[in-house]
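Structure, as structure tokens:
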Amino acid sequence: MWHLHAKLLAAEWAHGLPNVTDARLEIPTADRARRSDVLVTLSDGAQLALEPHCYARADGEWKQ
């Protein structure tokens, strides 16, 4: 349930940004090998995937 709620919040947050044209949940790659939790499309056509996770990480681990 947490993961679903996090994806919905991430998509809602992305939709509110000025350079975002779309944010959709559970979109597969063209070859269907992977699927992003939230696929964000920017006004210049660039795309990025948001993948919410919930677990403790030390500061140094974020750089890996």
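The values are calculated or read from the model by the stated rules, or taken from the named source; none is laboratory data. In this text the structure is predicted, and so the values were computed from the model without any measurement. Note that we place each Cβ from the backbone using ideal geometry, even for glycine, and neighbour counts take in every protein chain shown. Surface accessibility is based on the protein's heavy atoms, side chains included, excluding ligands, DNA and RNA. Shrake-Rupley method; radii C 1.70, N 1.55, O 1.52, S 1.80 Å.
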Exercise. Hey, what's the chain come to in accessible area per residue, 1.4 Å probe, Å²?
Worked result: 79
Seminar exercise, completed: On the accessible surface of the chain, probed at 1.4 Å with all protein chains in place, carbon and sulfur together account for a percent value of 56
Seminar exercise, completed: Counting only residues 5 or more apart in sequence or on a different chain, those whose built amide H sits under 5 Å from that of THR21 are THR41, LEU42, SER43
For this session: Taking the Cα centre of the chain as origin, sum charge times position over the Cβ atoms of Lys and Arg (+1) and Asp and Glu (-1), and report the length of that vector in debye to the nearest 20.
Result: 160
Exercise. If the chain between THR29 and ALA58 were fully stretched, how many nm would it gain, using 0.36 nm times the residue separation less the Cα-Cα distance?
Worked result: 7.4 nm
Seminar exercise, completed: Per-residue accessible area, 1.4 Å probe, largest first, puts TRP13, TRP2 in the order TRP13, TRP2
Problem set entry | Net charge contributed by nearby residues that have their C-beta within less than 15 Å of LEU17 (K/R +1, D/E -1) | -2
For this session: Please tell me the relative contact order of the chain in percent, rounded to the nearest whole number, where contacts are Cα pairs under 8 Å and at least six residues apart.
Result: 26
Exercise. Under a point spin-label approximation (7 Å from Cα along Cα-to-Cβ), what is the LEU17-ALA49 distance to one decimal in nm?
Worked result: 1.7
Exercise. Of [x] 19, 13, 11; [y] 28, 12, 11; [z] 21, 15, 14, which one was derived for semi-axes √(5λ) of the Cα gyration tensor in Å from the structure shown?
Worked result: [z]
